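The values are calculated or read from the model by the stated rules, or taken from the named source; none is laboratory data. It should be emphasised that the depicted structure is a prediction, and the values quoted were computed from it without experimental measurement. A quick note on method: Cβ atoms are made from the backbone with ideal geometry, for glycine too, and the neighbour counts reach across all protein chains shown. Quick note on the areas: whole protein, heavy atoms, side chains included, nothing else; ligands and nucleic acids left out. Shrake-Rupley method; radii C 1.70, N 1.55, O 1.52, S 1.80 Å.
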Amino acid sequence: MTAIEREPGTTSIRGLAVSRAAFKDTVATLVRWAQTRKGLQYFACVNAHCAEMANRDAKFMAALQAADILVADGFGVILASRIVGQPIRERSTGPALFLAVSAALDQEGGYSVFYLGGSERTLELIRRRHAAVFPRLGIAGTYAPPFKADFSSVEYEEMADLVNRVAPDVLWIGLGAPKQEKWILANLDRLRVPLCGPIGAMFDYFAGNVPMPPQWVERAGLHWAYRLLMNPRRLWRRNLDSPLFLARVLADRFRGVRSTDAQTPSRRSP
């Protein structure tokens with residue numbers, strides 16, 4: 001089934017079916033997936049930069065379209081939803097979903113997670129903070145993959161086997177977009193974990209390598225500006241995608257492109 005068929009409460013923006021569910025409802029859904037272990041399901045986060053990257057990268061687009069839930073991570077996507085006439089009320093960022101899902105599973109007890117991504121030093125910091133913040137949520141394992149643009153088929157298989165051997169309830173992936181989403185898509189038929197969450201920058205936030213943005217920054221939709229200030233050299237170029245993305249959405253609107261015009265592939269498309 002397509003992403004739109006699986007998740008009817010969505011807004012289609014540039015070929016992406018973005019969930020309109022409230023944050024608390026999204027968290028409840030993700031927690032239920034982790035608890036019921038009915039096969040691999042994953043969420044992905046989209047902002048203006050991701051949408052523009054997907055416009056240029058067919059594999060990344062396929063990975064976003066195949067997600068069981070695609071959430072609005074950026075304020076640009078919220079604005080775009082208003083332009084197309086199907087407003088998304090609130091953002092559901094990767095960091096916020098990570099914290100909320102982890103807290104819910106920690107409260108229940110008896111569940112475990114796997115952290116895939118980052119450096120060995122970052123993972124050690126994550127292990128320490130996780131033990132302090134989520135003492136009843138076990139860590140099934142961690143792995144810092146080699147730092148490279150892409151992985152070989154053998155490396156894909158080895159990483160999936162490493163996760164499968166310890167059978168976590170949640171796999172948190174911090175490889176950065178678009179690599180983390182493409183990693184999930186490539187391993188859909190290998191992984192035996194109920195919930196996968198690509199959360200990118202949250203690895204550095206949770207480890208304490210980068211300070212989390214203040215609440216008022218999140219409420220104002222200025223997360224992008226905060227991250228740019230923290231790392232202008234690396235992030236200035238990606239912020240040019242925001243006006244381009246909104247211009248494309250406006251152009252689609254003026255041309256009369258409807259939400260039903262979006263085409264999405266089979267979930268098992270490579």
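Which of the residues spanning segment 10-35 are of a type in the set (Val, Ile, Thr), in a helix (DSSP H, G or I) and open to solvent by 10 Å² or more (accessible area, probe 1.4 Å)?
Residues satisfying the conditions are Val27, Thr29, Val31.
Note on segment 36-116: enclosed helices (runs of 4 or more DSSP H) holding 2 or more residues that are within 15 Å of Gly15 (Cβ to Cβ) and under 16 Å from the mean Cα position of the chain (by Cα) are 48-56, 58-66. Taking (1) under 24 Å from Ala54 (Cα atoms); (2) open to solvent by less than 20 Å² (accessible area, probe 1.4 Å); (3) not in a strand (DSSP E or B) in turn, Val193 satisfies each apart from (1).
Restricting segment 77-114 to residues that are within 16 Å of Ala44 (Cα to Cα) and either touching a Leu at 6+ places or on another chain (Cβ under 7 Å) or aromatic (Phe, Trp, Tyr) (or both), the residue that is surrounded by the most Cβ atoms within 10 Å (Cβ to Cβ) is Val101.
Looking at segment 43-81, which of its residues are acidic (Asp, Glu) and touching a strand residue (DSSP E or B) at 6+ places or on another chain (Cβ under 8 Å)?
Start the filter on segment 43-81 by keeping residues that are acidic (Asp, Glu), which leaves 52, 57, 68, 73.
Asp68, Asp73, listed by residue number.
Taken over segment 144-159, residues that are of a type in the set (Gly, Ala, Ser) and open to solvent by 60 Å² or more (accessible area, probe 1.4 Å) amount to 2.
Condition test on Gly141, is it without any contact (Cβ under 8 Å) to a residue 40 or more places away in the chain and surrounded by 14 or more Cβ atoms within 10 Å (Cβ to Cβ)?
Values: without any contact (Cβ under 8 Å) to a residue 40 or more places away in the chain: yes; surrounded by 14 or more Cβ atoms within 10 Å (Cβ to Cβ): yes.
Spelling it out, Gly141 is indeed without any contact (Cβ under 8 Å) to a residue 40 or more places away in the chain and surrounded by 14 or more Cβ atoms within 10 Å (Cβ to Cβ).
Does any residue of segment 42-52 turn out to be closer than 24 Å to Asp150 by Cα, open to solvent by less than 20 Å² (accessible area, probe 1.4 Å), in contact with a helix residue (DSSP H, G or I) (Cβ under 9 Å, 6 or more places away or on another chain) and free of Cβ contacts under 8 Å to residues at least 60 places away in the same chain?
Residues of segment 42-52 closer than 24 Å to Asp150 by Cα: 42-52.
If we keep only those that are open to solvent by less than 20 Å² (accessible area, probe 1.4 Å) as well, we get 42-46, 48, 50-52.
With the extra rule that they be in contact with a helix residue (DSSP H, G or I) (Cβ under 9 Å, 6 or more places away or on another chain), the set shrinks to 42-46, 48, 50-52.
Next, only the ones that are free of Cβ contacts under 8 Å to residues at least 60 places away in the same chain stay: 46.
Checked against the condition, which is being closer than 24 Å to Asp150 by Cα, open to solvent by less than 20 Å² (accessible area, probe 1.4 Å), in contact with a helix residue (DSSP H, G or I) (Cβ under 9 Å, 6 or more places away or on another chain) and free of Cβ contacts under 8 Å to residues at least 60 places away in the same chain, segment 42-52 yields at least one hit.
Would you confirm, using the coordinates I've provided, whether Leu162 is hydrophobic (A, V, I, L, M, F, W, C), in contact with a strand residue (DSSP E or B) (Cβ under 7 Å, 6 or more places away or on another chain) and either at pLDDT below 95 or open to solvent by 10 Å² or more (accessible area, probe 1.4 Å) (or both)? So Leu162 passes the test.
Check segment 73-83 and report whether any residue there is under 18 Å from Thr29 (Cβ atoms) and among the aromatic types (Phe, Trp, Tyr). The answer is no; no qualifying residue exists. Listed conditions (1) under 26 Å from Pro243 (Cα atoms); (2) surrounded by fewer than 24 Cβ atoms within 10 Å (Cβ to Cβ); (3) at pLDDT below 95 are all met by Asp73, apart from (2). Counting only residues that are of a type in the set (Asp, Glu) and under 19 Å from the mean Cα position of the chain (by Cα), segment 147-174 holds 2 of them. In segment 58-100, which residues are under 27 Å from Phe254 (Cβ atoms) and of a type in the set (Ser, Thr, Tyr)? Matches in segment 58-100: Ser81 only.
Mind listing just one residue for me: the one in segment 117-154 that is at pLDDT 95 or above, of a type in the set (A, V, I, L, M) and part of a helix (DSSP H, G or I) and, of those, farthest from Arg37 (Cα to Cα)? My answer is Leu125.
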